[in-house]
1. Quick check on my filter: what residues within segment 80-108 are of a type in the set (G, A, S) and touching a helix residue (DSSP H, G or I) at 6+ places or on another chain (Cβ under 9 Å)?
2. Under 29 Å from P62 (Cα atoms) and exposed (fewer than 11 other Cβ atoms within 10 Å of the Cβ): is that true of K4 in this structure?
3. Has segment 95-114 got at least one residue that is part of a loop (DSSP other than H, G, I, E, B), of a type in the set (A, V, I, L, M, F, W, C), surrounded by fewer than 13 Cβ atoms within 10 Å (Cβ to Cβ) and at pLDDT 90 or above?
4. So A84 clears everything in (1) small (G, A, S); (2) touching a Phe, Trp or Tyr at 6+ places or on another chain (Cβ under 8 Å); (3) over 29 Å from R67 (Cα atoms) except one condition, right? Which one?
5. For V48, indicate whether it is closer than 30 Å to M31 by Cα and of a type in the set (V, I, T).
6. When segment 49-94 is examined, which residues are found to be within 19 Å of the chain's Cα centre (by Cα) and assigned to a loop (DSSP other than H, G, I, E, B)?
7. Which condition does E92 not pass, out of (1) surrounded by fewer than 16 Cβ atoms within 10 Å (Cβ to Cβ); (2) under 30 Å from C127 (Cβ atoms); (3) out of contact with any Gly (no Cβ under 7 Å at 6 or more places or on another chain), if it passes all the others?
Amino acid sequence: MRTKGSAEVLEERRRLAARMLDQRYSIAEVMAAVGASESSVKRWKRAVREGGHDALAAKPHPGKPWRLNAGQREQLVPILLGGARAAGFANELWTCARVAHVIEQRFGVKYHPDHVWKVLRRLGWSCQMPEQRARERNEEAIRRWRESDWPRIKKEPRKAS
């Protein structure tokens, strides 16, 4: 399992391990100090031996760069929190198509609605469905039913014989 942390934090962890190894700490001591496995510490030691301390540098992340930069993503959050009505829609329901429309209008960046969820996930948002309740719903009648009728109707577990 990959250790949590940004690329910079993990790189600093590797560099600390390398400095400790340079100072003749044992692999076990380095493992305990940086919270790494034996195989990782040995791999870092071999990398330093073969390529120097620069071999421990963080590698660039593969894949296509984000079209919305960090500043634009930060600006998007208050727009979403303001609600869909404030953004010009008929109701408060945010859909991926609506978010894609807002992104294109405000930032000039076009996203297909099927891929907007990736942007939202990166912002810490998750898929939510609005709660639908009948207008005729009677909360007091529901509470009474749960407290009196349901316990009477509910089957009791069978007793072992």
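The values are calculated or read from the model by the stated rules, or taken from the named source; none is laboratory data. All values derive from a computational prediction rather than experimental measurement. Here the Cβ positions follow ideal geometry from the backbone for every residue, glycine too, while neighbour counts run over all protein chains shown.
1. If the condition is that a residue be of a type in the set (G, A, S) and touching a helix residue (DSSP H, G or I) at 6+ places or on another chain (Cβ under 9 Å), then A84, A86, A87, G88, A97, A100 are the ones that fit.
2. yes
3. no
4. Failing condition for A84: (3).
5. Against the criterion (closer than 30 Å to M31 by Cα and of a type in the set (V, I, T)), V48 qualifies.
6. H61, P62, G63, K64, P65, W66, R67, L68, N69
7. Unmet for E92, out of (1) surrounded by fewer than 16 Cβ atoms within 10 Å (Cβ to Cβ); (2) under 30 Å from C127 (Cβ atoms); (3) out of contact with any Gly (no Cβ under 7 Å at 6 or more places or on another chain): (3).
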